[in-house]
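Since the structure comes first, as structure tokens, the remarks are kept for the end.
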Amino acid sequence: MPFKFIELEIPGLVLIEPVIFGDERGFFLEFYKYSEFSQHGIKEIFVQDNHSRSSYGVLRGLHYQNPPSDQGKLVRVINGEIYDVAVDIRKGSPTYGKWISVKLSEGNKKMLYIPSGFAHGFCVLSVEAEVIYKCTQEYDPSLETGIIWNDPEISIQWPIKNLIISDKDKRWPNLNNAVNYFVYGGDKK
């Protein structure tokens, strides 16, 4: 099996460690294989791939799309290192408003699976980082929304003090005021 699937503290979030085959030439790994992922409960089909590059201290997030274009994501870093965060935004969930963080890097080659019903963001810990992620729905700007990165009710402990944040990301509301159609148990509003 080319992957190790690790269920995280918040149900639905999965850290994935690929098996790395390395020798003096370099390395080879599989970073997605439907048959393996579906056997471990990740049965969504990915329909869009995204790639971003950001400098040290850049924070992107906390983003999500509302139904019917809600996105699950498979996030990995191909250059540098990030502090990756997912927040449970499913109303009625026992972990509503709770968050987890993982460090994803070029070195550890780990990936984070984030199902729909979670807001996602990250900050860059290295000089720069390139992040690629697969999405289960195409980007729809009419359904894009987010939560302010420093919502005191969520209280994410970002590891960098002087973050670089876009004007758009500075204007998102807090979780309790965000437009959010996710309901725990898989039903959407």
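The values are calculated or read from the model by the stated rules, or taken from the named source; none is laboratory data. All of these numbers come straight from a predicted model, not from anything done at the bench. With ideal geometry, Cβ positions are generated from the backbone for all residues, glycine too; neighbour counts draw on all protein chains shown.
Would you mind stating whether Tyr56 is surrounded by fewer than 20 Cβ atoms within 10 Å (Cβ to Cβ) and aromatic (Phe, Trp, Tyr)?
For Tyr56, the condition - surrounded by fewer than 20 Cβ atoms within 10 Å (Cβ to Cβ) and aromatic (Phe, Trp, Tyr) - is met.
Which of the residues belonging to region 73-88 are closer than 14 Å to Gly121 by Cβ and in contact (Cβ under 8 Å) with a residue 60 or more places away in the chain? If the condition is that a residue be closer than 14 Å to Gly121 by Cβ and in contact (Cβ under 8 Å) with a residue 60 or more places away in the chain, then Lys73, Tyr83, Val85, Ala86, Val87, Asp88 are the ones that fit. The residue that is farthest from Ser55 (Cα to Cα), among those in region 137-173 that are surrounded by 14 or more Cβ atoms within 10 Å (Cβ to Cβ) and of a type in the set (S, T, N, Q), is Gln137. The single condition from (1) over 16 Å from the mean Cα position of the chain (by Cα); (2) in contact (Cβ under 8 Å) with a residue 24 or more places away in the chain; (3) exposed (fewer than 13 other Cβ atoms within 10 Å of the Cβ) that Val19 fails is (2).
Being in a loop (DSSP other than H, G, I, E, B), under 21 Å from Phe122 (Cα atoms) and out of contact with any Pro (no Cβ under 8 Å at 6 or more places or on another chain) is true of Asp70.
Residues of region 95-112 that are under 12 Å from Leu13 (Cβ atoms) and either surrounded by fewer than 23 Cβ atoms within 10 Å (Cβ to Cβ) or of a type in the set (Val, Ile, Thr) (or both): Thr95, Lys98, Trp99, Ile100, Ser101, Val102. Right, Lys91: under 26 Å from Lys4 (Cα atoms), charged (D, E, K, R) and in contact (Cβ under 8 Å) with a residue 60 or more places away in the chain or not? Answer is no for this residue. Scanning region 1-16 for residues that are closer than 16 Å to Leu104 by Cα, β-branched (Val, Ile, Thr) and touching a residue at least 60 places away in the same chain (Cβ under 8 Å) yields Val14, Ile16. Taking region 99-189 and the strands (runs of 3 or more DSSP E) fully enclosed by it, the elements with 1 or more residues that are of a type in the set (Asp, Glu) and either modelled with pLDDT of 95 or more or closer than 16 Å to Val87 by Cβ (or both) are at 128-135, 144-146.
All conditions in (1) crowded, with 17+ Cβ neighbours inside 10 Å; (2) over 23 Å from Trp158 (Cα atoms) hold for Pro68, with the sole exception of (1). Within region 27-45, track down each residue that is under 18 Å from Lys109 (Cβ atoms) and surrounded by 13 or more Cβ atoms within 10 Å (Cβ to Cβ). The answer is Leu29, Phe31, Tyr32, Lys33, Glu36, Phe37, His40, Ile42.
The set of residues in region 113-129 being buried (at least 17 other Cβ atoms within 10 Å of the Cβ), touching a strand residue (DSSP E or B) at 6+ places or on another chain (Cβ under 6 Å) and not small (Gly, Ala, Ser) consists of Tyr113, Ile114, Phe118, His120, Phe122, Cys123, Val124, Leu125.
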